Amino acid sequence: MKTGRRRSASDAKILAAAKELFLADRYEGVTLERIAEHAGVSRQTVYNRFGSKETVFREMTRHHWSAFAGPDRRLVECDADQTAEDVLRSFARSLQRFANETDQIPFARLVVSESRRLPWIADEFYQVGKGPVVEAFAGCLDTLVRTGRLRCADTYLAARQFMGLVQEFLVWPQVMAFDEETAVQPSADMVIEEAVLSFLARYAPAPHGPARPA
């Protein structure tokens, strides 16, 4: 969307229409004319609001990732009265919800398929979406470390590790369409609980005895 303009109802229609087309026909298969027709607006309206197909795609990506945040707009719930286990489990559920209740799986497939030819698509997907989520989660882990609820020297590394424990089972088999693997994988509840336990086995503060290295 052109700088300085607020998103309107027609913008939302355009972005929703664009998303359907991009997911179905990939980047090169979509034009501003097709987006306008699918959204029920004129091509001039699309051009006036966004200026180019690339801008439409970038704004669509931002709009897609905005669904990750909760009602209070926070990417990660990390309250003072929560245990580390509560925080980890809540975040894992957010990853699961985002994968199951949005177009995250087909969107990730689109990014994987287009990123070699159009590297900026993968960069945009990370910069406006996954990157801020990782940073917010790492910031939450920083808080847990400062308050003695975790022991961890590199919270960014730890954040990526935990996300990997969850997404290796709940996201990537679906993205890569590994039907045989998804058919036999453990339940989401088991994946999340084992991820939490594995993470805490490494990063929970030692209750007694000499401190182990972080």
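A few notes on this one:
- Conditions (1) modelled with pLDDT under 95; (2) touching a Gly at 6+ places or on another chain (Cβ under 9 Å); number of the one not met by Ala67: (2)
- Residues satisfying the stated conditions in the range 133-153, i.e. surrounded by fewer than 16 Cβ atoms within 10 Å (Cβ to Cβ) and within 21 Å of Gln104 (Cα to Cα): Glu135
- Taken over the range 101-149, the residue count meeting the criterion of being free of Cβ contacts under 8 Å to residues at least 40 places away in the same chain and polar (S, T, N, Q) is 3.
- Residues that are buried (at least 17 other Cβ atoms within 10 Å of the Cβ) and among the basic types (Lys, Arg), drawn from the range 42-88: Arg49, Lys53, Arg58
- Lone qualifier among Glu85, Glu59, Glu77, Glu54 - being within 25 Å of Gln127 (Cβ to Cβ), among the charged types (D, E, K, R) and in the same structural domain as Phe137 (by TED's automatic domain parsing): Glu77
- Annotation: of all residues in the range 70-110 being in contact with a helix residue (DSSP H, G or I) (Cβ under 7 Å, 6 or more places away or on another chain) and of a type in the set (Asp, Glu), the one that is modelled with the highest pLDDT is Glu85.
- Of all the listed residues (Tyr126, Tyr27), the sole one being assigned by TED's automatic domain parsing to the domain that holds Asp189 and of a type in the set (Phe, Trp, Tyr) is Tyr126.
- Any hit, the range 159-166, residues being free of Cβ contacts under 8 Å to residues at least 40 places away in the same chain and farther than 24 Å from Asp79 by Cβ: yes
- Meeting the requirement of 3 or more residues that are more than 18 Å from the chain's Cα centre (by Cα), the helices (runs of 4 or more DSSP H) wholly within the range 103-184 are 131-146, 179-184.
- For the range 92-112, a tally of residues being polar (S, T, N, Q) and surrounded by fewer than 18 Cβ atoms within 10 Å (Cβ to Cβ) returns 2.
- Hey, Arg117 closer than 30 Å to Leu150 by Cβ, in the same structural domain as Phe137 (by TED's automatic domain parsing) and surrounded by fewer than 16 Cβ atoms within 10 Å (Cβ to Cβ) or not: no
- Tally, over the range 27-39, of residues that are in contact with a Ser or Thr (Cβ under 9 Å, 6 or more places away or on another chain) and in a loop (DSSP other than H, G, I, E, B): 0
The values are calculated or read from the model by the stated rules, or taken from the named source; none is laboratory data. Treat the numbers as computed from the prediction; the structure is a model and nothing was measured. Cβ coordinates were reconstructed from backbone atoms using ideal geometry, including for glycine residues, and neighbour counts include every protein chain displayed.
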